[in-house]
Each structure stands twice: as C-alpha cells, then as structure tokens.
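Report on the structure given below.
Read the figures in this text as sums done on the coordinates, not as results from a lab. On a predicted model such as this, the values are computed, not experimentally measured, just so you know. All Cβ positions, even for glycine, are placed from backbone atoms using ideal geometry, and neighbour counts span all protein chains on display.
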Amino acid sequence: MARINDNFLKLKAGYLFPEIGRRVSAFNEANPEAAKRLIRCGIGDVTEPLPEACRQAMHEAVDELGNSATFKGYGPEQGYAFLREAIVANQFADLGISADEVFISDGSKCDTGNILDIFGPGNVIAITDPVYPVYVDTNVMIGNTGEADASGAYAGLVYLPCTPENGFVPSIPDRHVDLVYLCYPNNPTGATATREQLEAWVAYARREKAIILYDAAYEAFIQDPAVPRSIFEIEGAHECAMEFRSFSKNGGFTGVRCAYIVIPKALKGYTADGTEQAIHPLWSRRHSTKFNGASYPVQKGAAAVFSEEGKKQVAALIDGYMGNATLLREACSAAGLAVYGGVNAPYVWVGCPTGLTSWDMFDKMLNEANVVITPGSGFGAAGEGYFRISAFNSRANVEEVCRRIGEIFG
Ligand SMILES: *Cc1c(COP(=O)(O)O)cnc(C)c1O
C-alpha cells in the first residue's frame, strides 16, 4: 500500500488565481467586445523584455557550451563563483557576507519552500496576514499545521495581522515563535519595514532563539535611502536571519529562473536536545543533494545584471514600473480610495469603497472598467476590504487603467 503524504489533503484548493481565472473567462464569454479591451493588473509577473546585457551574456554562454574548448557540464551546486562574488560585491558590500554564504538556485519560490527540509517538526511558525501564499502552503505540505478552518486559517500557524495601524509590518508577538516569514518590500501590500521595525524583529528573534526568513525579492524597487534593503543591515541579524533574493523582479527573470539564499555561517538552530547547530552546512548539504546547480547561461545572464550596462538597463526597468506605480496611486487617490504601497514596491494596495468586499471590487473593476485586479482577501483574512493593483505593465496600459478608474469613480 503506497501511503501518500496526508498533509496534502489539508490544502485548500488553490482558490485565488483559479477563481480569478473563472470569473474572467465567464466575463469574456458573456462580453466578447469588452473582452478585447481587458487589461490584466492581477498576477505579479513582469511584462517588459529582458535587459539587453542579460540577453547578450546568455547568448555568449550558449556559444561557449557549443565549443568543446569552453564546454561546461555540471557546475558547482551552490552556484558559480563569478555570480556569488558579483552578488556579494554589488548587493552585500560592507554587510559582512561572504560569497560562500550565497546559494544560487532557480527561484525564490522553490527556496522558500525547500528551506523547510532542514527544520524539524514542532516549530511554531509565524506568517503575516495578508501573505505570499507559498509560505503557508509549503508548511501545510510538510506537516507543520493542522486543518484549515472555514475562513481558510490553518490550525497551528501564528497569523500576524498587517493593517494600516501597524503600517503593514506586524507588531512583535506577545508569544514565542520559532520561525517567522517577513517579506519587505511586501507582496501584496507594497509596504516596507523601517530600520526600527526590523531592529525590533531581530531583537525578538535573538531573545526567542527564532529564525527570520526574510524575503527581499522586491529590494530593487526601494527608492527611499532610509529604507533597509537587507535584513543584514541590522546588527545581530547574522545570528538570527537568512535572506531570499531573486532576479525575477529586478532583471525580469520570471521566465529565466535565477535566485539565491544568503545564509550567514553565524546563523544557528538547535537539535532536539537543545545543542546549537549551524544552519549553513545543513542547507549546503540539502542543496547539493537535491539540486544540481542553476544553468550556466542563466547564471551568466544573472551576473550581467551587475555589469555597467546591466545596472543601467535594470534601473530603467525599475523606473518604468515605479512610474506606473505612481500613476496608479494618483488615480486611486483621485478616485477617493485609501492608497498604500506603490512607493518602494511595484504593488499598490487599495482600500475598497465603503461597503464593498474585495471580491465585490474585483467584479466592479472587471465589469465596469474591464480591468483585472487581485482581491486582497485572497492573501488572507486581513486582506478583506482591499485590492492589489500591480504596476507590472506597459505604460500605455497603465495610463488606460488610470483613465478607466477615473471614469468609474468620476
Ligand atoms: C515574485 C516573488 C518571489 C520570486 O519568486 P521566483 O521563484 O524567484 O520567481 C519571491 N517572493 C515573493 C513574495 C514574490 O512575490
């Protein structure tokens, strides 16, 4: 009898994006003319082409593989030194991180899920609400939760509400947790955490012997020099945090796939009998056993993000998206809606008009503006009453979306 992992049966059927898809299909079928003017501001995927510097580096790398003198087979599982060193020099200079503390992978989605391999049973896991659903579902799969209740909340998880009152950065819990996922700049709220807020979290984690899983996938969108770009800017974080970074949103690598985790050698966990154990060798072993390295052309393309040309081209991409975010913020404000995020992040988080739920607002935007947004309640109970508009779009589409928002709320 082949036993399955029963935890998978606890998963709520993927609700958010399938339900959006269902409603959009029904709308398109019923309104074939309006369907032609539909603009999607829903899914968090980039839209603009890859930087020229990255494409060129990937072309050259493919040609190297086509020549027996420069051919490469398996690379180092942890990533090529040229990329790990470029990351440290460009992203973590002066933060006390060395190249061998950087583990290259094919995506942060995989990394944030796979990291649970090295943690034992019985950890108390804290997540924010609203949240990037991957953190929740991967904990369900591995057995770190009980069943979901009617609202979709899983028994055993500690939900940390993020609201306008706390600036969408969770207050320090008044109880013990072992692992906490923090994502800043945040998806979906577009919020950032201040240095003081991160200092409080680092102090908490050190006191509780907890580990912060810090997702900085949107670091490149930070405009305000006062906003921390890395958890490792905070003193003491090297002993209580790891950081996830990705080339998906800065270099537009969502379809190319390259990311990394930074795990300081000073980061410690504990064995069942309470003995201190460094996390770095555990992940190193896990990564080299279950992963054979990101593709060479992809790592070459990623390293080109840090070339002189690459930096300029990435900056232009970010400027374009952040210009979109500004326009979307202005249009929603002018429509009389409460607007958050979109200043240091490519997501604008908007309060629904009084009396409308997140899904009411989704339907209103679909039917009246022919624009697809993401209902906030899909990211957690505390997202009810909000919706997310993504700035990942062409400028022309964003201008049209803003015009239509003005029209329906005019
Ligand atoms: C897009 C995104 C990532 C990046 O995922 P990849 O698998 O590297 O494409 C990570 N975290 C969050 C919250 C994201 O929105």
Amide H of GLY341 versus every other amide H placed in the peptide plane: which residues, excluding those fewer than 5 positions away on the same chain, fall under 5 Å?
TRP349
With +1 on each Lys and Arg Cβ and -1 on each Asp and Glu Cβ, and nothing else charged, work out how big the dipole of the chain is about its Cα centre, in Debye to the nearest 20.
560 debye
Given labels modelled 7 Å from the Cα in the Cβ direction, how far is it in nm from ALA200 to ASP94?
2.7 nm
I'd like to compare 23-30, 391-398, 176-183, 63-70: which one has the highest average count of other Cβ atoms within 10 Å, and what's the full order after that?
176-183, 391-398, 23-30, 63-70
By the mean-Cβ-within-10 Å protection proxy, highest first, 277-285, 239-247, 336-344 rank as 239-247, 336-344, 277-285
Tell me, what is the FRET efficiency for SER68 and GLU276 to the nearest 0.05, using R0 = 60 angstrom and their Cβ-Cβ distance as r?
0.80
Note, segment 393-404: 3J(HN,Hα) by Karplus (6.51, -1.76, 1.60, θ = phi - 60°), whole Hz, Gly/Pro = x, goes 6, 6, 4, 4, 5, 5, 4, 5, 4, 4, 4, 5
Taking the Cα atoms of the chain alone, what are Rg (to one decimal) and Dmax (as a whole number) in Å?
21.6, 68
Cα centroid separation, segment 178-224 to segment 273-326 (Å)
18 Å
Residue-ordered couplings for segment 44-58, obtained by feeding phi - 60° into the Karplus form 6.51 cos²θ - 1.76 cosθ + 1.60 and rounding to whole Hz (Gly and Pro as x), are x, 10, 5, 10, 8, x, 4, x, 3, 4, 6, 4, 5, 4, 5
Set the Förster radius R0 to 25 Å, insert the Cβ-Cβ distance between ILE43 and ASP174 as r into 1/(1 + (r/R0)^6), and round the FRET efficiency to 0.05.
0.10
Please list 3J(HN,Hα) in residue order for segment 337-346, calculated via the Karplus relation 6.51 cos²θ - 1.76 cosθ + 1.60 where θ = phi - 60°; whole Hz, with x for glycine and proline.
8, 7, 10, 10, x, x, 9, 10, 7, x
Test of understanding: what is the full-extension gain from ASN5 to LYS36, defined as 0.36 nm times their sequence separation minus their Cα-Cα distance?
6.8 nm
Full-extension gain between ALA13 and ARG286, please, as 0.36 nm times their residue separation minus the C-alpha to C-alpha distance.
95.4 nm
Under the rule of at least 5 residues apart or a separate chain, name every residue whose amide H is placed under 5 Å from the amide H of LEU157.
GLY146
Net charge near ARG229: determine it from the other residues with C-beta under 14 Å of the C-beta of ARG229, scoring Lys and Arg +1 and Asp and Glu -1.
-3
Given 75-81, 43-49, the highest-first ranking by average Cβ count within 10 Å works out to 75-81, 43-49
Over segment 54-307, what is the relative contact order in percent, taking alpha-carbon pairs closer than 8 angstrom and at least six residues apart?
27 percent
Once you charge only the Cβ atoms, +1 for Lys and Arg and -1 for Asp and Glu, what is the size of the charge dipole of segment 111-236 about its Cα centre, to the nearest 20 debye?
200 debye
Taking r as the C-beta separation of ASN166 and ASP224 and R0 as 22 Å, the FRET efficiency to the nearest 0.05 is 0.75
